[in-house]
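The values are calculated or read from the model by the stated rules, or taken from the named source; none is laboratory data. The shown structure was predicted, so the numbers you read here are calculated from the model rather than taken from an experiment. Here the Cβ positions follow ideal geometry from the backbone for every residue, glycine too, while neighbour counts run over all protein chains shown. These area figures cover heavy atoms from the full protein model, side chains too; ligands, DNA and RNA do not enter into them. Shrake-Rupley method; radii C 1.70, N 1.55, O 1.52, S 1.80 Å.
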Amino acid sequence: MSKVDNLNENMPARFKRPSIITWISMVIFLAFFMHGLYIADITVERAFGGIVNVGHFVYNAFPPDITRIGHASKAMFETFEMALVGTTIGVIMSVPIALLASSNTTPHSLVSSVTRGLVSMVRTIPDLIWALIFVISVGLGPFAGILTIMVDTVGFCGRFFSERIEEIDSGPVEALEATGGSGVGVIVGSVIPAAFPSFVATSLYAVEKSIRSAVVLGLVGAGGIGVELSTAMQLRRFNEALMIILVILVVVIFVEQISSNIRKKVI
């Protein structure tokens, strides 16, 4: 073995000479990246034109039109309720799903594999696609939005709940099993309490995520303030659109502050 090979062998993994597979992966990545830049048709003229158009939007949006702030606030309240209901139901559903998906609480490895696959499938499909499916299924309005957020939350929380359950210390679980505790008793008395702070933190992140998602879902007819924002933009009422954006901003910041305070107390 040469000195170069010996030196490469003793180096940390991140400093070792890349393998052929790594080089091929880097070339493929670079090819996709360059092609992505090509199809984007990025030019100096378009970039400066975009800056000018943003300037026109800002100029026409100020001052924000507050004449319809009552209507916008009502729509934002509907958006908040959509996010709250959908996330709450999704979190409740995520707990048993996570227990079935986790290797240390599932009744059988096959059940774990199937459940993990279903959670991955739910998480992989974008929420806008779910919204379109539910709009077709149940019609326009908040109900479609709630169903979309519920499914999206299951995909989000189901994964992280499962990972946290698998990371818990096995000592308390084994102690309860040694005293003759049933499977349900072990889960209620040991698994859930150990994972509870992480469950709360993940659920709060899910609420924040769902409020942002609920705003976007309105663009495809799933209810909420997104409908108002889309209408204002299409009619080029930019001052009204800015007022709606400010209402969204205030609510999102408010929810994030409450969520952060709860996390500090629980964790």
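Taking the criterion of being among the hydrophobic types (A, V, I, L, M, F, W, C) and free of Cβ contacts under 8 Å to residues at least 12 places away in the same chain, the residues of the stretch 220-267 that qualify are Met233, Leu235, Leu249, Val250, Ile253, Phe254, Ile258. Among the residues of the stretch 147-164, at least one is among the polar types (S, T, N, Q), open to solvent by less than 40 Å² (accessible area, probe 1.4 Å) and within 19 Å of Val207 (Cβ to Cβ). Looking at the stretch 88-101, can you tell me whether even one residue there is surrounded by 17 or more Cβ atoms within 10 Å (Cβ to Cβ), assigned to a loop (DSSP other than H, G, I, E, B) and free of Cβ contacts under 8 Å to residues at least 24 places away in the same chain? No, the stretch 88-101 contains no residue that is surrounded by 17 or more Cβ atoms within 10 Å (Cβ to Cβ), assigned to a loop (DSSP other than H, G, I, E, B) and free of Cβ contacts under 8 Å to residues at least 24 places away in the same chain. Before we move on, is Ala194 at pLDDT below 85, open to solvent by less than 70 Å² (accessible area, probe 1.4 Å) and not in a helix (DSSP H, G or I)? Taking the combined requirement at face value, the residue does not satisfy it. Among the conditions (1) more than 29 Å from Cys157 (Cα to Cα); (2) modelled with pLDDT of 85 or more; (3) not small (Gly, Ala, Ser), Thr43 misses just one, which is (2).
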